[in-house]
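**Student:** Here it is, the structure, as structure tokens.
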Ligand code: RB5
């Protein structure tokens, strides 16, 4: 079963706990890279921890949460090999996997209700990269 890394800042902390429980119920092994409370922290610190875990092979996919998901996606996409997609609707999550082979899902906890968030997550995890014409494009993303 896929190992999932998860991390958030203070704004995403509550959703991180709910998502972790949900993923465990779905049978995933979840590795939590913090933060551990709703005390204010800096999101790039947690994005870095999660991206390192994916790039080292410790985890296959990741979920990053902050208030909007924007800061987390900006920080995560600085790393070659990370393809972080900010997905406000399930259709984005499907295409982020099928066309972009996204390995990190970014979510904005202040703008999406928890049920929609879990639906986005399900679609992200259940969709597969289609390869083909998308492969060559994805291969051009990283900075050489
Ligand atoms: C924290 O207030 C907020 O700025 C942060 O969670 C995130 O939305 C940044 O992109």
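**Student:** What does the C-alpha gyration tensor say about the overall shape of the range 28-82? Classify as rounded when a/c is under 1.5, otherwise prolate if a/b is larger than b/c, or oblate.
**Tutor:** Oblate, since a/c reaches 1.5 and b/c is not below a/b.
**Student:** Ratio to report: Rg/Rh of the chain, with Cα atoms as the point set and Rh obtained by the Kirkwood method; give two decimals.
**Tutor:** We get a ratio of 0.94 for the chain.
**Student:** Per-residue counts of other Cβ atoms within 10 Å, averaged by peptide: what ranking do you get for 75-85, 58-68, 114-124, 129-139, highest first?
**Tutor:** Going by the mean number of other Cβ atoms within 10 Å, highest first, we get 58-68, 75-85, 114-124, 129-139.
**Student:** Between residue 135 and residue 3, take the C-beta separation as r, use R0 = 25 Å, and let me know the FRET efficiency to the nearest 0.05.
**Tutor:** 0.55
**Student:** How do 28, 15 rank when sorted from fewest to most other Cβ atoms within 10 Å of their own Cβ?
**Tutor:** Result, fewest neighbours first: 28, 15.
**Student:** Specify the residue with the greatest mean-square fluctuation among 49, 25, 94, computed from a Gaussian network of the chain linking alpha-carbon atoms under 10 Å apart.
**Tutor:** 25
**Student:** Below 8 Å between Cα atoms, with a sequence gap of 6+, how large is the relative contact order for the chain in percent?
**Tutor:** 23
**Student:** Suppose a student asked you for the relative contact order of the range 73-144, using Cα pairs under 8 Å spaced at least 6 residues apart; what percent would you report?
**Tutor:** 34
**Student:** Sticking with this structure for a sec: Where the centre of each part is set by its Cα atoms, how far does the range 52-69 sit from the range 110-138, in angstrom?
**Tutor:** Measuring centre to centre over Cα atoms gives 14 Å.
**Student:** Turning to a different aspect of this structure: Averaging sequence separations of C-alpha pairs under 8 Å and six or more residues apart, then dividing by the length of the range 1-76, give the relative contact order as a whole percent.
**Tutor:** Computed value for the range 1-76: 43 percent relative contact order.
**Student:** Hey, rough spin-label estimate for residue 98 and residue 36, points 7 angstrom out along Cα→Cβ, what's it come to in nanometres?
**Tutor:** 4.2
**Student:** Oh, and also: With n ≥ 4 as the cut-off for DSSP H runs, can you work out [θ] at 222 nm for the chain, using -39500 (n - 2.57) per run divided by the number of residues, rounded to the nearest 500?
**Tutor:** -12500 deg cm²/dmol
Computed from the coordinates by the stated procedures, all read-outs in this text should not be read as laboratory data. These numbers come from a predicted model, not from an experiment. Virtual Cβ from ideal backbone geometry, glycine too; neighbours counted across all protein chains shown.
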